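Nothing in this text is a laboratory measurement; each read-out follows from the coordinates by a stated rule. This one's a predicted model, so the numbers in the text were calculated from it and none came from an experiment. Cβ atoms come from the backbone with ideal geometry, glycine included; neighbour counts cover every protein chain shown.
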Amino acid sequence: MSSNKMSTTYLKAHHVGISIANMQDAIDWYQQTLDFEFCWEKDFPEIKTKIVFLQHGNFKLELFEHYETEAIPETRKHPLTDMRQQGTKHICYEVESGLIALFERFKNTGVDVVMGPLLSPPKDAMMGFIRDNTGNLIEIIELL
């Protein structure tokens, strides 16, 4: 069996791309809820899509608004039912501390809290899930 191991290449996350329902609403949500900053935007009529990049620290989020966007299926909106469907499941952001207080803030400001915070199965982290204003799952984790 041959190996395609990349022995000299270091990989780090650069960005995640997600489709959203309304660009301005999504920009506002990510800026107000998770402190992302606007980088740039461009409309691509040839592919019927507007693209925006947001950034938080060194991590970027690429938002796609297709002119004929379709809603996320209900089964994709909860971590336990989403696992049945193939594909990417969620974005996970790590906080150094304050996860419980952050989830209290989410609840008090109307963020859609799906579950948690709760102790992760290996008991090495606290974690919880929220949904953005389009329904995309987001995990927030605090390592213990």
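Bin by bin, in steps of 10 Å, what percent of the Cα pairs in segment 26-100 do you find, going until the bin that has the longest distance?
15, 35, 40, 9, 1
Pairs of lysines 8 or more apart, or on different chains, with alpha carbons under 17 Å: count those in the chain, would you?
5
Hand me the GluC sites (Glu not before Pro) from segment 34-125 located in a DSSP loop with no more than 11 other Cβ atoms within 10 Å, in residue order please.
Here the GluC sites (Glu not before Pro) that fit, given the DSSP loop and packing criteria, are Glu68, Glu70, Glu96.
Over segment 37-144, what relative contact order in percent results from Cα pairs under 8 Å that are six or more residues apart? Provide the component values of the computation, followed by the final result.
Working: 173 pairs, mean separation 22.0, N = 108.
Worked out over segment 37-144, it gives 20 percent.
Most exposed first by the Cβ proxy, i.e. fewest other Cβ within 10 Å, how do Thr134, Thr109 rank? If you can, show how the numbers build up before the last one.
Numbers: Thr134 19, Thr109 9.
With the sparsest Cβ surroundings first, the list reads Thr109, Thr134.
For the residues Trp29, Trp40, what sequence is obtained by ranking on other C-beta atoms within 10 Å, fewest first?
The fewest-first ordering by Cβ neighbours comes to Trp40, Trp29.
From the convex hull of the Cα coordinates of the chain, what is the mean projected area in square nanometres?
Hull-based average projected area comes out at 11.8 nm².
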